[in-house]
Amino acid sequence: MSISAMKKATLSGESYKIMIEENEIPTHWYNILADMKVQPNPTLQPENRQPVTRDYYADLYPQGCIEQEFSTERWIEIPEEVRNIYKIWRPTPLVRAHRLEQALQTDCRIYFKNEGVSPAGSHKTNSAIPQIYYAARDGVKKVVTETGAGQWGSAVAFAAQMYNLDCEVFMVRGPYNQKPSRRQMMQLWGAHVTASPSELTAVGRNQLAENPNSKGSLGTAISESIEYASQDKDIQYVIGSVQNFVLLHQTVIGQECLKQFEKIDEYPDVVVAPLGGGANFAGICFPIMRDLILGKTKTRFVASEPLTCPKLSEGEFRYDYGDVGKKTPLFAMYTLGHDFMPVPNHLVGLRYHGAGPIISQLAKEGHIDAMSHDQKECLQAGILFAKTEGLIPAPESTHAIASVIREVNRAKQEGKSKTILFNLCGHGLLDLFAYDDYLNGKVS
Ligand SMILES: *Cc1c(COP(=O)(O)O)cnc(C)c1O
């Protein structure tokens, strides 16, 4: 960017951060099921293809989460004990990306919601906190979960520490060995971290017998965590995405955005978020999509995916398992198959094979547009963002920035000026290896 463009951005006199007060943190989560015209197909028990019941989940999830999984109530109250911990980092800033706009030479207005300011560095704490609150309320002693690169695991380790529970994390062996900072973060918050596949479960032992050098996969780590939790009543499994209650917990993000936009008399024409299992996408989009469903707006919702894991763009809508070990029920969703293996040297995350049932149903009805990007396009977009706005985005978040750039070009062609919002769902300070590989020409 030229010095004159910089000056223009600095001198524009318009606000950068749009803030709200602590007492404006939402008091309720928003349940989009209450407003959906067509409900998602029920999740099925693999044994008999009957819809799952509260009892089916009873040994797996905390009671409070099971209630929410089946609820069609529109607003679900956030417990005071959860809101009090949300206050550590919420409300998060909504930021006008003036300098990025200047660099793109656009008269579109670009805003981002910065979820990277949470203690673990991503939106995932929004759900880790309530899940572990409900687990503690049930009287369990320990929580267990899986993690790939470590973002969900670190959110759980932090949340377990907040409510004084023990914490076991199965971390995919590849990143466990290669990227120790997330593991160190979890250990600092008091969690015990095991490389997956491990000797602690039958699933893990089988995989190791087949291939002692297995680097593991997220699917295997999920299977191990579920098996580990099923061995003991005092151990509770918690999950980072896909389930309705996880998407629900994330809706604090979009509700805050609406309040922040109201302050400046703005409203987004386009909302963009990266799509893994669907948690951060649902979080920023659902409260705004409510206005679309009610016919009040025509906002476009864009789900950004990796070209190498394009479940919405190229997946099939059908029943499938959530994990490779077939331990989960069957979800009606866009999927690339539960045994989908992402290409090696995939640096930018979002490798989950499916999109949660609610997201999939909304996509089927045409409420969501998918856009896919290769790693190079993502990392280039992330670097442009870092060079203009200063913040280093999580590799997952760079997908959204790549989509925003395409949206800006589209607006240019249409001769329109749009208000674009995207979710900066995490910071990339512990993912610098991805940028490093790109800068050293290792990303093809
Ligand atoms: C986990 C994660 C994602 C993907 O998960 P979703 O359930 O789709 O939100 C995206 N971005 C970041 C920063 C994450 O940590």
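Send over a whole-number figure in Å² for the accessible area per residue of the range 386-433, probe 1.4 Å.
Here the per-residue accessible area is 37 Å².
Sort Lys416, Lys87 by accessible area with a 1.4 Å probe, largest first.
My answer, sorted largest first, is Lys416, Lys87.
How would Ile264, Ile66 rank on accessible area, largest to smallest, probe 1.4 Å?
So the residues, ranked largest to smallest area, are Ile264, Ile66.
What is the angle, in °, between the Cα long axis of helix 252-263 and the longest principal axis of the Cα atoms in the chain? Nearest 10 is fine, range 0 to 90.
On a 0 to 90 degree scale, this one is about 20.
Rounded to the nearest 500 deg cm²/dmol, what is the calculated helix-only ellipticity per residue at 222 nm for the chain, with -39500 (n - 2.57) per DSSP H run of length n ≥ 4?
Roughly -12000 deg cm²/dmol at 222 nm, from the helical runs in the chain.
Give the relative contact order (percent, whole number) for the range 222-335; include only Cα pairs under 8 Å separated by 6+ residues.
23
Around Val143, which amide H atoms from residues at least 5 apart in sequence, or from another chain, sit under 5 Å from its own amide H, with H modelled in the peptide plane?
Sorted by chain and number, the residues that satisfy this are Asp166, Cys167, Glu168, Gln236.
Across the range 393-402, in residue order, what do the Karplus-derived ³J(HN,Hα) couplings come to in whole Hz, using 6.51 cos²θ - 1.76 cosθ + 1.60 with θ = phi - 60° and x for Gly and Pro?
3J(HN,Hα) across the range 393-402, in whole Hz: x, 4, x, 4, 5, 5, 4, 5, 5, 4.
Within the chain, what percent of beta bridges assigned by DSSP are antiparallel, to the nearest 5?
That works out to approximately 35 percent antiparallel.
Search the structure for amide H atoms under 5 Å from the amide H of Phe422, placed 1.01 Å from N in the peptide plane, and list their residues when 5 or more places away or on another chain.
Tyr111, Phe112, Lys113, Val272
In what sequence, highest mean first, do 46-58, 173-185, 348-360 appear when ranked by Cβ atoms within 10 angstrom?
So the order, starting with the most tightly packed, is 348-360, 173-185, 46-58.
With a 1.4 Å probe and all protein chains kept in place, how much accessible area does Tyr133 have, in Å² rounded to the nearest 10?
Counting only protein heavy atoms, Tyr133 exposes about 30 Å² to solvent.
For helix 279-293, what angle does its Cα long axis make with the longest principal axis of the chain, in degrees from 0 to 90 and rounded to 10?
Computed tilt is about 60 degrees.
In degrees between 0 and 90, to the nearest 10, how far off the longest principal axis of the chain does helix 125-137 point, with axes built from Cα atoms?
Between the helix axis and the principal axis of the chain, the angle is about 30 degrees.
Taking the Cα centroid of the range 266-317 and of the range 354-399, what is the distance between the two, rounded to the nearest whole Å?
10
Using a Gaussian network model of the chain with C-alpha springs under 10 Å, which one of Glu22, Glu77, Glu377 is most mobile by mean-square fluctuation?
Glu77
Enumerate the amide H contacts of Thr43 below 5 Å, restricted to partners 5 or more residues apart or on another chain; note that Pro and chain-start residues carry no placed amide H.
Residues meeting the amide H criterion: Val52.
The values are calculated or read from the model by the stated rules, or taken from the named source; none is laboratory data. Keep in mind that this is a model prediction, so the values were computed, not measured. Counting neighbours? That spans all protein chains shown, and the Cβs are built from the backbone with ideal geometry, glycine included. The area values use the complete protein model at the heavy-atom level, side chains included, leaving out ligands, DNA and RNA. Shrake-Rupley method; radii C 1.70, N 1.55, O 1.52, S 1.80 Å.
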